Amino acid sequence: MLKKILYWASTGILTLIMLFSAYNYFFNHEMIVEFFENMGYPTYLIYPLAIAKLLGLITIWGNFSTSLKEWAYAGFFFNTLLAFFAHYMVSDGQHIGAVIAFVAVMLSYFTGKQVRP
């Protein structure tokens, strides 16, 4: 029962974080461009990353294919891990959000394997 609660809570938190991120990528584009430029990343990655986040969430919630779901979790794993280091290296104080997202990814992935939603 606890694993099921952890799965749904962490998947919900992951979903909220990624939806918030994708929303900002689309609708607060100038702010995100500034963040990307400060971190030294090319700004042409913004829209593809937003779309990838939405597709990853659809894949996880849709439960269409276990291999696609694994790829979605892998994408979120690398996205959150790299976001942590990017924010940490530029010292903008926003690395805590990436830590929370990383924990949500890990909890959702590992508890999801045990719960089988």
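So the values come out like this:
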item: Accessible area of the chain belonging to carbon and sulfur atoms, whole % at 1.4 Å probe; result: 72 percent
item: Distance (nanometres) between label positions extended 7 Å along Cα→Cβ at Leu45 and Leu82; result: 0.4 nm
item: Rough spin-label spacing in nm, given labels placed 7 Å along Cα→Cβ, for Met106 and Val33; result: 3.6 nm
item: Accessible area per residue in Å² at 1.4 Å probe, computed on the chain; result: 62 Å²
item: Mean Cβ neighbour count within 10 Å, used as a protection proxy, ranking 47-59, 102-114 highest first; result: 102-114, 47-59
item: Ordering of 7-15, 64-72 by burial proxy (mean other Cβ atoms within 10 Å per residue, highest first); result: 7-15, 64-72
item: Contact order relative to length of the chain, as percent, for alpha carbon pairs under 8 angstrom and 6 or more apart; result: 38 percent
item: In Hz, Karplus ³J(HN,Hα) per residue of the range 29-35 (6.51, -1.76, 1.60; θ = phi - 60°; x = Gly, Pro); result: 4, 5, 5, 5, 4, 4, 4
item: Nearest 10 degrees, 0 to 90: helix 46-62 Cα axis against the chain principal axis; result: 10 degrees
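The values are calculated or read from the model by the stated rules, or taken from the named source; none is laboratory data. The structure displayed is predicted, hence computed values, not measured ones. Note: ideal-geometry Cβ built from the backbone for every residue, glycine included; neighbour counts use all protein chains shown. The area values use the complete protein model at the heavy-atom level, side chains included, leaving out ligands, DNA and RNA. Shrake-Rupley method; radii C 1.70, N 1.55, O 1.52, S 1.80 Å.
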